[in-house]
């Protein structure tokens, strides 16, 4: 029963961790934890939601372990490198130079498997720590305070990284998805 969720869990873990071996390990640990605690599963949520919750905790454990084992790359240096020039998106008064493209039917886009493939590509193009902060906020549902504690960054750095992640995703998705390059008919 649990094995049927493996592909979904692996995609989820890969999006977070960007490392196939780590993602496989996280999924294995998730499935093992689910088997060991299946009696505690009350059925108030779907099995997929329950497993995703377990996986979120496994991913956070990996982030914690990585932070302890290695020196972190200077986040300030990462913020300065590898990001697009977002200033060109805005007029001097702070308004959009060009409005973001319409999503037309956002629900349909979010249900489209190809959209998520493009999203994953766009996420992988971001600097690692910026993508990690974005995933922690938007996919793992952590608060800014929790992210700052896990990543050992200031609140200002966190919000700057989230801004840059969102702008990067906007540009990438507009170019590669909404621009019609990859959209399925």
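The values are calculated or read from the model by the stated rules, or taken from the named source; none is laboratory data. Bear in mind that the values here come from a model prediction, so they are computed numbers and not experimental data. Counting neighbours? That spans all protein chains shown, and the Cβs are built from the backbone with ideal geometry, glycine included.
The figures follow:
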read-out: Within the range 136-181, tally of residues that are surrounded by fewer than 13 Cβ atoms within 10 Å (Cβ to Cβ) and more than 17 Å from the chain's Cα centre (by Cα); value: 9
read-out: Helices (runs of 4 or more DSSP H) completely within the range 57-141 that count 2 or more residues being at pLDDT 70 or above; value: 113-125, 128-138
read-out: Some residue of the range 33-48 being on the phi > 0 side of the Ramachandran plot, outside the structural domain of residue 142 (by TED's automatic domain parsing) and either loosely packed, with under 15 Cβ neighbours inside 10 Å or at pLDDT 75 or above (or both); value: yes
read-out: Qualifying positions in the range 1-30 - farther than 24 Å from residue 117 by Cβ and without any contact (Cβ under 8 Å) to a residue 40 or more places away in the chain; value: 29
read-out: Flag if residue 137 is closer than 17 Å to residue 57 by Cβ, outside the structural domain of residue 52 (by TED's automatic domain parsing), in contact with a helix residue (DSSP H, G or I) (Cβ under 9 Å, 6 or more places away or on another chain) and without any contact (Cβ under 8 Å) to a residue 60 or more places away in the chain; value: yes
